[in-house]
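Engineer: Here it is: the structure, laid out below.
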Amino acid sequence: MQQVKAVVALAKGAPVEVVTINVPDPGPGEAVVKVQACGVCHTDLHYREGGINDDFPFLLGHEAAGLVEAVGPDVTSVAPGDFVVLNWRAVCGDCRACNRGEPQYCFATHNATQKMTLEDGTELSPALGIGAFAEKTLVAAGQCTKVDPSARAAAVGLLGCGVMAGLGAAINTGNVGRGSTVAVIGCGGVGMAAIAGSALAGASRIIAVDVDDRKLELARSMGATHTVNSSEVDAVEAIRSHTPPPDATGHEGGADVVIDAVGRPETWKQAFYARDLAGTVVLVGVPTPDMKVPDIPLIDVFGRGGSLKSSWYGDCLPSRDFPMLVDLYQQGRLDLDAFVSEEIGLDDVEAAFDTMHSGGVLRSVVIL
Ligand SMILES: NC(=O)c1ccc[n+]([C@@H]2O[C@H](COP(=O)([O-])OP(=O)(O)OC[C@H]3O[C@@H](n4cnc5c(N)ncnc54)[C@H](O)[C@@H]3O)[C@@H](O)[C@H]2O)c1
Ligand SMILES: [Zn+2]
Ligand SMILES: [Zn+2]
């Protein structure tokens with residue numbers, strides 16, 4: 001066991017604190033990772049606000065890269081010294097989803113078995129089974145995905161959650177491909193990655209929607225072809241006006257794929273009506289438990305066809321997607337550096353939550 005500094009949410013809504021925690025030595029199937037960088041994701045704030053569940057205290061942070069320090073006796077997939085991006089989808093290989101060849105939907109993903117604790121022994125709940133706003137963290141070995149060790153930790157660590165969620169929402173869940181028309185509602189780290197992913201996949205039109213002009217400006221540099229400030233104009237009308245005109249049947253038209261990267265009833269409703277007939281809605285923003293499906297006539301669900309999907313972690317398979325995306329980054333074809341708005345310390349996480357709300361940043365990244 002060793003003691004390290006970490007950022008913990010002790011009680012619902014209370015500011016986070018840097019405290020000393022106990023990290024057990026790795027047992028069977030586990031690894032201790034020396035964290036080098038960890039991004040601040042909106043989901044960390046959801047945890048702090050009690051929006052995910054009430055299992056306080058939470059050890060926050062889950063978009064991280066670092067070096068494996070030690071592994072349990074039976075671990076062969078990684079070794080001390082390996083440079084890894086942490087993932088929250090360590091697939092079991094044995095559940096129904098894994099057995100039918102769809103491990104991205106694994107029902108029984110692995111986390112560390114032992115618990116990290118506060119100094120007094122209180123067990124911590126690591127955010128998404130990771131908890132990486134910490135000098136060191138204990139994870140399941142399968143949560144460590146080896147990538148090119150010459151890559152910048154602050155940039156590739158972001159693949160561990162939000163950026164992968166956004167890229168995958170477009171490419172994996174939404175099946176965006178060459179010639180697709182796409183609209184992305186909400187241009188934070190996740191939405192901006194959906195824009196970058198759509199550009200990478202060859203989408204012909206990428207319409208960025210946000211309420212903050214600074215985000216919309218940045219969206220253009222990520223590949224958006226059109227921008228819409230939905231606090232000024234009607235998002236649905238604007239998205240329709242930026243997609244190819246509807247055919248002679250007179251329906252309204254819209255985008256082939258609309259990605260809701262906010263996760264609120266009103267943005268999901270915009271996504272629902274801004275997609276073309278037989279189009280796809282992808283919900284990647286995470287709603288809070290009190291939110292309800294918006295009031296939509298069932299005949300509209302039937303009549304508009306297509307599919308209404310949710311995207312967990314961009315339907316990614318870390319072992320397949322992380323090394324490939326790091327390769328594209330290293331070649332200069334995927335600008336992960338553009339997602340790193342500022343580098344901060346462990347003490348600055350609470351301030352980073354404020355910055356998230358005041359806009360202007362995609363990701364504040366804690367450097368350790
Ligand atoms: N599904 C997943 O696997 C997954 C993974 C990571 C994060 N998320 C979720 O994705 C969402 C976005 O995360 P993020 O880190 O990008 O957050 P963020 O706070 O960085 O970005 C949110 C963006 O939405 C914009 N916005 C807010 N209200 C809006 C509205 N009504 N219309 C249009 N734009 C609006 C904001 O201006 C901001 O640019 C969060 O809910 C987060 O929890 C989901
Ligand atoms: Zn499984
Ligand atoms: Zn996240």
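The values are calculated or read from the model by the stated rules, or taken from the named source; none is laboratory data. Bear in mind that the values here come from a model prediction, so they are computed numbers and not experimental data. Heads up, the Cβs are rebuilt from the backbone with ideal geometry, glycines too, and the neighbour counts pull from every protein chain shown.
Engineer: From the list Asp120, Asp94, pick out the single residue that is over 26 Å from Pro28 (Cβ atoms) and surrounded by fewer than 24 Cβ atoms within 10 Å (Cβ to Cβ).
Structural biologist: Details: Asp94 fails: over 26 Å from Pro28 (Cβ atoms).
Of the residues listed, the single one that is over 26 Å from Pro28 (Cβ atoms) and surrounded by fewer than 24 Cβ atoms within 10 Å (Cβ to Cβ) is Asp120.
Engineer: Residue under question is Ala154, and the condition is that it be within 16 Å of ligand 3 (Cβ to nearest atom), in a helix (DSSP H, G or I) and out of contact with any strand residue (DSSP E or B) (no Cβ under 9 Å at 6 or more places or on another chain); does it hold?
Structural biologist: For Ala154, the condition - within 16 Å of ligand 3 (Cβ to nearest atom), in a helix (DSSP H, G or I) and out of contact with any strand residue (DSSP E or B) (no Cβ under 9 Å at 6 or more places or on another chain) - is not met.
Engineer: Right, here's the next one. I'd like to verify a number: residues in segment 63-115 that are under 21 Å from Gly39 (Cβ atoms) and within 16 Å of ligand 2 (Cβ to nearest atom), how many?
Structural biologist: 6
Engineer: Name, by its number, the condition in (1) crowded, with 23+ Cβ neighbours inside 10 Å; (2) within 18 Å of the chain's Cα centre (by Cα); (3) of a type in the set (Gly, Ala, Ser) that does not hold for Ala134.
Structural biologist: It fails just one condition, (2).
Engineer: Which of the numbered conditions does Asn111 fail, given that it passes all the others? Conditions: (1) in contact with a helix residue (DSSP H, G or I) (Cβ under 8 Å, 6 or more places away or on another chain); (2) farther than 24 Å from Gly93 by Cβ.
Structural biologist: It is condition (2) that Asn111 fails.
Engineer: Kindly provide the set of residues from segment 200-251 that are among the polar types (S, T, N, Q), surrounded by 13 or more Cβ atoms within 10 Å (Cβ to Cβ) and in a helix (DSSP H, G or I), ordered by number. Spell out the reasoning first.
Structural biologist: Here is the first cut: in segment 200-251, the ones among the polar types (S, T, N, Q) are 204, 221, 225, 227, 229-231, 241, 243, 249.
Keeping just the survivors that are surrounded by 13 or more Cβ atoms within 10 Å (Cβ to Cβ) gives 204, 225, 227, 229-230, 241, 243.
Ser241, the sole residue that qualifies.
Engineer: Looking at Val156, Val211, Val176, can you tell me which residue is under 24 Å from Ser364 (Cα atoms) and more than 9 Å from ligand 1 (Cβ to nearest atom)?
Structural biologist: Numbers: Val211 fails: more than 9 Å from ligand 1 (Cβ to nearest atom); Val176 fails: under 24 Å from Ser364 (Cα atoms).
After ruling out the rest, the residue left standing is Val156.
Engineer: I would also like to ask the following. Can we say Val19 is closer than 25 Å to Ala352 by Cβ, touching a residue at least 40 places away in the same chain (Cβ under 8 Å) and either surrounded by fewer than 20 Cβ atoms within 10 Å (Cβ to Cβ) or outside the structural domain of Val147 (by TED's automatic domain parsing) (or both)?
Structural biologist: yes
Engineer: Now, a different point. Tell me the residue from Lys292, Lys309 that is basic (Lys, Arg) and touching a strand residue (DSSP E or B) at 6+ places or on another chain (Cβ under 7 Å), please. I'd like the intermediate steps shown before the answer.
Structural biologist: Details: Lys292 fails: touching a strand residue (DSSP E or B) at 6+ places or on another chain (Cβ under 7 Å).
Among Lys292, Lys309, only Lys309 is basic (Lys, Arg) and touching a strand residue (DSSP E or B) at 6+ places or on another chain (Cβ under 7 Å).
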